[in-house]
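Only one structure is covered here, and it is reproduced in the block below.
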Amino acid sequence: MDAIFSLDDISSNTSQVLEDCLDIFQSPAHQAYDHRNLTSFGPAGQNHQHHPDIQFFQKVKQRNHFTYHKSKVQQQKSIEKIQSKSTIFDPYDLGLLLGRLRSFNCLNWQVPNGSELHELKCARNGWKCASFGRTIKKNHLICTNCHQQLILRFTSNHITSETSPFDIDFLSGEQQSDDGELNSKLVEKYLNQIVTSGHSLDCSWRNFEVPLDGVYYPRHYLVTTNNFLITQYLKNLKSLVDNSLLLQEYYDSISPISIPSPEFVGISNQWLIARYFNQDKENVNTLLQHIPTWFYEIAARGWNINIQKYANDVILVMSCGLCNSRVFLNTITSQQHVNLNSLQALTPVKYPLQPNQDELTAFDQPQALVFDPVKDHKSFCPHIHDNNLHEYFNCLILGSVSNIGNNGEYVDNNDMMIIDKTTTKRRKSFTMNDGLERLNKLRKLYLIED
């Protein structure tokens with residue numbers, strides 16, 4: 001097939017530069033050009049390996065290759081560290097408040113008794129207490145938002161509430177109060193730092209403090225309050241039921257308490273089965289019939305059971321989920337075979353709880369501890385602060401049969417009532433519209449007849 005146009009026709013209408021290019025393509029030297037000459041230097045990648053510029057950049061790459069990747073890894077770690085440090089500032093979140101409050105315990109927190117400086121004051125201002133260790137001393141506070149740190153130090157005489165013979169002035173016969181005045185001034189100074197000056201200038205906790213009423217102290221007759229109280233109660237009750245055989249052995253260590261009504265126990269079992277044992281209702285219901293009724297009263301008072309290890313000793317601990325109060329029950333030695341898998345383990349301590357038994361004297365024998373579920377809460381605990389809380393909770397459980405969801409969740413009946421009211425209103429409105437349509441049809445018929 002002949003070509004439609006020739007190169008001569010194109011060259012007649014082109015510029016001088018394009019004509020020169022066209023002459024080069026038409027020259028015999030270009031037609032004899034062999035493309036295979038390009039590959040005569042060897043395989044790809046080895047043509048210029050001995051070139052000085054290539055060798056220079058290869059040395060630069062080898063010298064900085066590890067440093068480059070190391071910097072990328074360190075940058076990623078720093079980003080993850082910053083993200084892990086970033087916390088959510090929410091002064092109205094009860095869960096965050098309780099999380100900070102749980103960081104305080106007898107191992108890392110010790111302040112003068114009766115002062116306004118207590119763990120709730122620190123927690124509601126954004127502080128948590130660092131875990132006790134060799135490099136971390138007691139009363140080591142860390143802000144959860146700005147990460148500022150405070151270490152509170154007091155005189156050693158505040159540890160015991162009893163007066164020591166060395167604290168008596170033998171000339172006047174009165175107790176020396178120098179340490180007490182010093183501690184009171186320290187408490188005043190530390191309170192100022194905890195509330196404002198201890199935080200960084202841009203920390204949000206300088207301007208906010210968790211309101212106790214409505215957040216820590218629950219308000220009655222609110223859906224969120226009912227849901228929270230029932231959730232805490234069921235969590236406590238499950239921990240006691242799971243370790244019922246172990247807890248019954250220490251019944252003598254628990255002070256007498258009131259026994260709940262059979263209706264209260266029955267509804268509590270319905271809640272417990274629906275939330276935790278929904279797949280095995282019949283067997284669990286049979287087992288719950290043998291649970292002592294005082295278990296339900298202890299759980300309603302806010303207590304659950306945990307364990308804590310001191311060297312080779314294992315201590316059963318009754319702890320409150322609201323004030324973090326902990327009461328030791330009797331000691332279980334490591335030689336006793338006890339199933340502790342279902343118990344929540346607290347931070348273990350490698351030091352023994354007591355000195356060697358051979359070194360003990362008659363005055364060193366510990367007295368038998370009695371656990372009082374009513375009075376062993378801390379002074380700021382809602383179970384102590386609100387005298388009507390326990391009575392309100394009993395009434396809440398007795399009237400909560402219709403609030404039990406399919407999976408044990410709390411269902412608000414008011415929402416269902418609102419839905420029912422809206423549907424009835426809609427039905428009435430539909431009936432009115434139907435009546436208006438019929439009236440319009442009758443009007444049309446009447447006008448047609450006229």
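Looking only at residues in segment 208-246 that are among the basic types (Lys, Arg) and in a helix (DSSP H, G or I), the one that is surrounded by the fewest Cβ atoms within 10 Å (Cβ to Cβ) is Lys235. All conditions in (1) in a helix (DSSP H, G or I); (2) free of Cβ contacts under 8 Å to residues at least 12 places away in the same chain; (3) farther than 30 Å from Ile315 by Cβ hold for Glu263, with the sole exception of (2). Thr422 falls short on exactly one of the conditions (1) surrounded by fewer than 10 Cβ atoms within 10 Å (Cβ to Cβ); (2) among the hydroxyl-bearing types (Ser, Thr, Tyr); (3) modelled with pLDDT under 65, and that condition is (1). One residue alone among Ile257, Ile273 is out of contact with any strand residue (DSSP E or B) (no Cβ under 6 Å at 6 or more places or on another chain), in a loop (DSSP other than H, G, I, E, B) and among the β-branched types (Val, Ile, Thr), and that residue is Ile257. Within segment 283-294, residues that are outside any helix (DSSP H, G or I) sit with their Cβ atoms under 8 Å from residues that are polar (S, T, N, Q), at 6+ positions apart or across chains, in these pairs: Ile291/Ser244; Pro292/Ser244; Pro292/Gln248.
Taking every residue in segment 240-255 that is touching a residue at least 60 places away in the same chain (Cβ under 8 Å) and pairing it with any residue that is assigned to a loop (DSSP other than H, G, I, E, B) and buried (at least 17 other Cβ atoms within 10 Å of the Cβ), at least 6 positions away or on another chain, the pairs with Cβ-Cβ distances below 7 Å are Asn243/Leu343.
The values are calculated or read from the model by the stated rules, or taken from the named source; none is laboratory data. Values in this document were obtained by computation on a predicted structure and should not be read as measured data. Glycine also receives a Cβ, built like all others from the backbone with ideal geometry; neighbour counts cover every protein chain displayed.
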